[in-house]
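**Student:** The structure that follows is given in the form of structure tokens.
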Amino acid sequence: MYRPTRRWAIVPAVLLANPVVLAAAEDPPAQADEQLDEVVVSGTRLKSERNPQKVIDWMARLVGSFTFEGHVDLRGRGNAADLRPVQGTAICTGFGPAPAVQCELRVRWPEARGSNGEPIPGGLSYFDPAVIVYGFEPNRIGIRYMLVGSKGVSTSDLARLVGDTLVSRKPCTDFPGDCQRLMRVTAAPDLRQVEMHIELQVDGVKALEYAFVMVRVPGSPSVVHPGRSDE
């Protein structure tokens with residue numbers, strides 16, 4: 001299903017040599033499995049996918065070449081002055097027996113700084129370049145992702161698939177207070193685009209939003225096979 005691919009230097013060599021390493025980082029306690037089986041999406045608690053083949057087939061939809069559309073909302077309030085349009089590219093390839101998908105990203109937007117010229121969250125792109133790796137987690141029937149930004153800082157979590165959407169929620173340190181990072185990646189069976197939505201909430205209020213749409217380049221194939229669950 002997946003073909004061997006070249007490996008980008010930005011990803012640690014140990015991670016590429018063995019994608020199972022993804023499952024070892026920040027692994028949640030075993031007793032949390034029951035809670036992870038249920039995911040809250042748009043205020044509704046839904047069951048995550050428990051069929052391993054369907055999870056693997058969903059990962060195949062990520063493979064291909066894409067261009068980026070969308071925006072960054074620097075304060076998460078939808079104000080026009082805080083919106084930064086994005087542009088960029090992504091190349092996503094499958095590798096390894098686990099299996100895994102690796103995406104090389106180059107995403108940019110107009111720079112923004114504070115009133116005194118200081119850096120602000122989201123003001124500078126750490127996706128230019130960046131690499132995100134998705135690895136299938138067979139023991140918990142989920143997908144472990146790891147995002148390595150342009151400064152070498154990584155974020156990882158065990159995410160769960162609900163319908164066509166991969167869902168993750170974990171604490172963050174970008175803002176003081178109760179900071180939570182919510183990530184949703186939606187890849188529909190039509191293979192036209194992949195939507196990536198990252199939202200940072202502080203004390204339950206949205207403070208920063210990355211809303212990316214990855215549009216598949218015409219003629220760029222995925223690796224979904226006819227007759228499988230992605231029909």
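The values are calculated or read from the model by the stated rules, or taken from the named source; none is laboratory data. None of the values given here were measured: they were computed from a predicted structure. Note: ideal-geometry Cβ built from the backbone for every residue, glycine included; neighbour counts use all protein chains shown.
**Student:** Give the residues of region 88-116 that are of a type in the set (D, E, K, R) and assigned to a loop (DSSP other than H, G, I, E, B), sorted by residue number.
**Tutor:** Once the filter is applied, which keeps residues that are of a type in the set (D, E, K, R) and assigned to a loop (DSSP other than H, G, I, E, B), region 88-116 yields only GLU111.
**Student:** A further question on this structure: Filtering region 126-149 down to residues that are in contact with an Asp or Glu (Cβ under 8 Å, 6 or more places away or on another chain) and assigned to a loop (DSSP other than H, G, I, E, B), which residue is nearest to VAL185 (Cα to Cα)?
**Tutor:** ILE141
**Student:** Show the residue pairs meeting these rules: Cβ distance below 7 Å; 6+ apart or different chains; first residue within region 201-224 and within 13 Å of ARG75 (Cβ to Cβ); second residue buried (at least 16 other Cβ atoms within 10 Å of the Cβ) and small (Gly, Ala, Ser).
**Tutor:** GLN201/ALA207; LYS206/GLY76; ALA207/GLY76; LEU208/GLY76; LEU208/GLY122; GLU209/GLY76
**Student:** Right, here's the next one. Surrounded by fewer than 19 Cβ atoms within 10 Å (Cβ to Cβ) and within 20 Å of GLN180 (Cα to Cα), is that true of ARG160?
**Tutor:** No; evaluated as a whole, the condition is false for this residue.
**Student:** A further question follows. If you check GLY114, GLY149, GLY88, GLY122, which single one turns out to be of a type in the set (Gly, Ala, Ser), under 17 Å from ALA207 (Cβ atoms) and without any contact (Cβ under 8 Å) to a residue 60 or more places away in the chain?
**Tutor:** Exactly one of GLY114, GLY149, GLY88, GLY122 is of a type in the set (Gly, Ala, Ser), under 17 Å from ALA207 (Cβ atoms) and without any contact (Cβ under 8 Å) to a residue 60 or more places away in the chain, namely GLY114.
**Student:** Which one is modelled with the lowest pLDDT among residues in region 150-188 that are in a loop (DSSP other than H, G, I, E, B) and either of a type in the set (A, V, I, L, M, F, W, C) or under 12 Å from the mean Cα position of the chain (by Cα) (or both)?
**Tutor:** This residue is VAL153.
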